[in-house]
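Peer 1: Have a look at the structure that comes next, please.
The values are calculated or read from the model by the stated rules, or taken from the named source; none is laboratory data. Note that the coordinates shown come from a computational prediction; the quantities given were computed from them, not determined experimentally. All Cβ positions, glycine included, derive from the backbone under ideal geometry; neighbour counts span all protein chains shown. Calculation scope for accessible area: heavy atoms of the full protein, side chains included, ligands and nucleic acids excluded. Shrake-Rupley method; radii C 1.70, N 1.55, O 1.52, S 1.80 Å.
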Amino acid sequence: MTSVPRLSVTSDDITTLAVDAIVNAANSSLQGGGGVDGAIHRAGGPAILSACRAIVAAQGPCRPGDAVVTDAGELPAGLVIHTVGPVWNPGDDEAMKATLASCYRRSLQLGMEHGVRSIAFPNISTGVYRFPKPLAAAVTLDAVIEWLESTPEHRYTDILFACFDDENRNLYETLLVESP
Ligand code: AR6
């Protein structure tokens, strides 16, 4: 039977969440960086970076829109799914939207393949990568809801959006009321 997951918003630091998997807004090198990526590597310890290096050595850099999974080191989460969002490029909106949607779909797919039932996403690409927040929120929720509807075999029970700033939190709260 298909479970109907709860979609909710939290303003907590994603590194503190004891969910089955948290998603990292990484870059293609998977070597860590600033923003949520830096926070995850700092809090999770060196095991995450070692695992990322092994993945890049085996299969090369992670392409934008794709995702890979590692252990979560010292984090309370079970796994980290590292995905690479698009760097916002004005005038290339359709390609940017498609890449961002792919980040969420690939992360959900990988999580499902690893038995994940609760997952937390940061607001991918809306920091250093400058994707406009209102557009990113709409693309994100469309992608997640479409994936859930088209993947009846999923076992997700909880999908959290870790919104670190007021603008994102307000956007997600409004959109989730409109399409719960
Ligand atoms: N918990 C939840 N959300 C957070 C946290 C946190 N601890 N810290 C920041 N955010 P960004 P991007 C939010 O820049 O735009 C890195 O250097 C933040 O407020 O982390 O996808 C990577 O290595 C924002 O809304 O990711 C890449 O090079 C959101 O996370 C590049 O940045 C995403 O902001 C990726 O850029």
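Condition check ((1) open to solvent by less than 40 Å² (accessible area, probe 1.4 Å); (2) over 20 Å from ALA18 (Cα atoms); (3) among the aliphatic types (A, V, I, L, M)) across all residues:
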position: GLY73; (1), (2), (3): no, no, no
position: ILE81; (1), (2), (3): yes, no, yes
position: VAL84; (1), (2), (3): yes, yes, yes
position: PRO90; (1), (2), (3): no, yes, no
position: ASP93; (1), (2), (3): no, yes, no
position: LYS97; (1), (2), (3): no, yes, no
position: SER102; (1), (2), (3): yes, yes, no
position: ARG106; (1), (2), (3): no, yes, no
position: LEU110; (1), (2), (3): yes, no, yes
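Peer 1: Report yes if some residue within segment 20-39 is of a type in the set (D, E, K, R), farther than 22 Å from LEU141 by Cβ and part of a helix (DSSP H, G or I); otherwise report no. Walk me through how you get there before you give the answer.
Peer 2: Residues of segment 20-39 of a type in the set (D, E, K, R): 20, 37.
Next, only the ones that are farther than 22 Å from LEU141 by Cβ stay: 37.
Filter again for part of a helix (DSSP H, G or I), leaving 37.
Yes, that holds for at least one residue.
Peer 1: Given the structure, is GLY45 touching a His at 6+ places or on another chain (Cβ under 7 Å) and either surrounded by fewer than 20 Cβ atoms within 10 Å (Cβ to Cβ) or among the aromatic types (Phe, Trp, Tyr) (or both)? Walk me through it before giving the result.
Peer 2: On the way: touching a His at 6+ places or on another chain (Cβ under 7 Å): no; either surrounded by fewer than 20 Cβ atoms within 10 Å (Cβ to Cβ) or among the aromatic types (Phe, Trp, Tyr) (or both): yes.
So GLY45 does not fit the description; no.
Peer 1: Looking at the structure I just gave you, is ILE14 at negative phi, more than 10 Å from the ligand (Cβ to nearest atom) and of a type in the set (A, V, I, L, M)?
Peer 2: Numbers: at negative phi: yes; more than 10 Å from the ligand (Cβ to nearest atom): no; of a type in the set (A, V, I, L, M): yes.
No: the conditions fail for ILE14.
Peer 1: Here is a follow-up. What pairs come out if I take residues in segment 130-144 that are in a loop (DSSP other than H, G, I, E, B) and pair them with residues that are of a type in the set (A, V, I, L, M) whose C-beta lies under 8 Å away, six or more apart or interchain?
Peer 2: ARG130/VAL87; PHE131/MET96; PHE131/LEU100; PHE131/ILE124
Peer 1: Which of the residues spanning segment 113-131 are of a type in the set (Val, Ile, Thr) and near the ligand (Cβ under 6 Å from one of its atoms)?
Peer 2: Applying the first criterion (of a type in the set (Val, Ile, Thr)) to segment 113-131 yields 116, 119, 124, 126, 128.
Result: ILE124, THR126, VAL128.
Peer 1: Then there is this: Among the numbered criteria (1) free of Cβ contacts under 8 Å to residues at least 12 places away in the same chain; (2) small (Gly, Ala, Ser); (3) away from the ligand (no atom under 13 Å from the Cβ), which one does ALA47 miss?
Peer 2: Of the numbered conditions (1) free of Cβ contacts under 8 Å to residues at least 12 places away in the same chain; (2) small (Gly, Ala, Ser); (3) away from the ligand (no atom under 13 Å from the Cβ), the odd one out for ALA47 is (1).
Peer 1: Report yes if some residue within segment 58-69 is away from the ligand (no atom under 15 Å from the Cβ) and open to solvent by 70 Å² or more (accessible area, probe 1.4 Å); otherwise report no. Don't jump to the end; show me each part of the working.
Peer 2: To start, the set of residues in segment 58-69 that are away from the ligand (no atom under 15 Å from the Cβ) comprises 58-60, 69.
In the following step, the residues that additionally are open to solvent by 70 Å² or more (accessible area, probe 1.4 Å) were identified as 58-59.
Checked against the condition, which is being away from the ligand (no atom under 15 Å from the Cβ) and open to solvent by 70 Å² or more (accessible area, probe 1.4 Å), segment 58-69 yields at least one hit.
Peer 1: If you go through segment 112-124 one residue at a time, how many are of a type in the set (Ser, Thr, Tyr) and open to solvent by 60 Å² or more (accessible area, probe 1.4 Å)?
Peer 2: First, the residues of segment 112-124 that are of a type in the set (Ser, Thr, Tyr): 118.
Within this subset, residues satisfying the condition of being open to solvent by 60 Å² or more (accessible area, probe 1.4 Å) are none.
Counting residues in segment 112-124 that are of a type in the set (Ser, Thr, Tyr) and open to solvent by 60 Å² or more (accessible area, probe 1.4 Å) gives 0.
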